[in-house]
1. What's the total number of residues in the range 283-308 that are surrounded by 13 or more Cβ atoms within 10 Å (Cβ to Cβ), in a helix (DSSP H, G or I) and not β-branched (Val, Ile, Thr)?
2. Would you check if Lys144 is more than 21 Å from Val33 (Cβ to Cβ), within 16 Å of the ligand (Cβ to nearest atom) and of a type outside the set (A, V, I, L, M, F, W, C)?
3. Checking the conditions here, which among Glu407, Glu376, Glu389 is assigned to a loop (DSSP other than H, G, I, E, B), outside the structural domain of Ala306 (by TED's automatic domain parsing) and within 23 Å of Phe219 (Cβ to Cβ)?
4. Is there a residue being open to solvent by less than 30 Å² (accessible area, probe 1.4 Å) and not in a helix (DSSP H, G or I) anywhere in the range 331-338?
5. Report every pair of residues separated by at least 6 positions or lying on different chains whose Cβ atoms are under 9 Å apart, first residue within the range 19-38 and closer than 24 Å to Ser66 by Cβ, second aromatic (Phe, Trp, Tyr) and part of a helix (DSSP H, G or I).
6. Are any residues in the range 21-64 in a loop (DSSP other than H, G, I, E, B) and farther than 21 Å from Lys86 by Cβ, and if so, which ones?
7. I'm checking my understanding of the structure. Among residues of the range 222-236 that are open to solvent by 10 Å² or more (accessible area, probe 1.4 Å) and away from the ligand (no atom under 13 Å from the Cβ), which one is modelled with the lowest pLDDT?
8. Do any residues in the range 254-269 that are at positive phi have Cβ atoms under 7 Å from those of residues that are open to solvent by less than 20 Å² (accessible area, probe 1.4 Å) and in a helix (DSSP H, G or I), where the two are at least six apart or on different chains, and which pairs are they?
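The values are calculated or read from the model by the stated rules, or taken from the named source; none is laboratory data. Quick caveat, the model's predicted, so the values are computed rather than measured. Note that each Cβ is placed from the backbone with ideal geometry, even for glycine, and that neighbours are counted across all protein chains shown. Protein only, heavy atoms only, side chains kept; ligands, DNA and RNA dropped before computing areas. Shrake-Rupley method; radii C 1.70, N 1.55, O 1.52, S 1.80 Å.
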Amino acid sequence: MKRVSFKTLGCRLNQYETDALVTNFDRAGYRIVDFSEPADVVVINTCTVTRQSDQKSRNLINHSVSKNKDAVIVVTGCMVDNYKKKPGALGPATYAVDNQHKNLIVSLIDSHFKGEIMDPDTVPGDVFGFETVDRSLHTRTSIKIQDGCDNFCTYCIIPSVRGRAVSRPAREILDNVRSVLDNGFRELVLTGVNIGRYNHEGIDFEGIIEQILKIPGEFRLRISSMEPDGFGPGFHNLFLNPKLTPHLHLCLQSGSDRILTKMRRMYTVGSFTRIVERFRKQMPHFNFTTDIIVGFPGETDADFMATRKIIDELKFGHIHTFRYSRRAGTRADRFPDQIPEDIKVSRSEIIRTLSEKYRKAYMQSLVGKQQTVLVEKIDPAGFAHGYGEHYVPVMFRPEAPEKNRFETVTLTRLTGEKDKAVLMG
Ligand code: SF4
């Protein structure tokens, strides 16, 4: 059996597509090995959202080539779409397969080992053409419902590497959900690029969620990262269904309306705040996490203070902090008033400190309450680890430790620092 290993950078959508490729290769008779082991095929699913992601992708490609001298190195993902027309930009890979043709990688490798040359670009690709995940590198699995984006935020390269927004047929999504439940998954994460914009034959984002929640079975549904401009005024009512987890990663990016306008974001700080308040009025412990970009071109001290102010007001459960990264081909890359790197660094440190402060405060607010934890790992000491429905990490000692099982736990205390902070049951 040929051995194949995988490495994925970037978003949950990329993680999902790797899981689907793992299933495809597994069904095609390949042996899935860990990335640290020698392999005959190495698949690197890249990201290009920032300069740092490009550099990490390049390092992975060079590392894989030097470690697996005789292996077939397949580079796929957003960096391929960003650089495939630039000779040498993707390093010494055997094959570079863009996002549109990612679902053809197994056929490409099968042809390769039969000595046939197949050019994926000559065959129609399908961004939804992946098999149902039954073999995954994770306990929870993702359901891809959408791809691409039409928003064209001025800093974002994604529309040019993932294409226009497309929504997957609702019937396919519901079949996919039933199949992964049959395959034993208990937590499903809806993913895509701009999922709030899902719309297929009149079924919108809220409509497809309602249909999924009607499917019988012991499971819960989580929504991955979302834009604050894709859902209706009644969206929060869907979360009254205990199957839908009370957590949203809603990307704010800046606390300054002036900067949001320059970013071409389709909401204001006020409308964002009203969304959060609407949810919290109904569910006081609803967990909002977010993304913040610091150092966007033209960001003044006053703009940055506005970002700090909204964070102090909304007290997010966690903040992913990004230093603005110039991406060739985006409008913001051509903006005149670029911010020096040292200012970006100092501003990002301030946001990270704020994030840590409010993350601990949020987790502390759950002490004494119950969480239903999906067990993802059992450590050698017999402690089970997993996430509660509010997307907080929990550790506890169950009587009969078992992975991929829901356990209801009363949280007793918060322990650990930074990303090691965990709630004890
Ligand atoms: S909504 Fe904006 S930030 Fe998000 S993928 Fe689309 S263009 Fe990029």
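1. Qualifying residue count for the region: 4.
2. Working: more than 21 Å from Val33 (Cβ to Cβ): yes; within 16 Å of the ligand (Cβ to nearest atom): yes; of a type outside the set (A, V, I, L, M, F, W, C): yes.
The answer is yes for Lys144.
3. Details: Glu407 fails: assigned to a loop (DSSP other than H, G, I, E, B); Glu376 fails: assigned to a loop (DSSP other than H, G, I, E, B).
After ruling out the rest, the residue left standing is Glu389.
4. To start, the set of residues in the range 331-338 that are open to solvent by less than 30 Å² (accessible area, probe 1.4 Å) comprises 332.
When the remaining residues are screened for being not in a helix (DSSP H, G or I), the result is none.
For the range 331-338, residues open to solvent by less than 30 Å² (accessible area, probe 1.4 Å) and not in a helix (DSSP H, G or I): absent.
5. Arg31/Phe25; Ile32/Phe25
6. Going through the range 21-64, the residues in a loop (DSSP other than H, G, I, E, B) turn out to be 28-30, 33-40, 47-50.
Ala28, Gly29, Tyr30, Val33, Asp34, Phe35, Ser36, Glu37, Pro38, Ala39, Asp40 - these are the residues of the range 21-64 that are in a loop (DSSP other than H, G, I, E, B) and farther than 21 Å from Lys86 by Cβ.
7. Result: Phe231.
8. Listed pairs, sorted by first residue: none to list.
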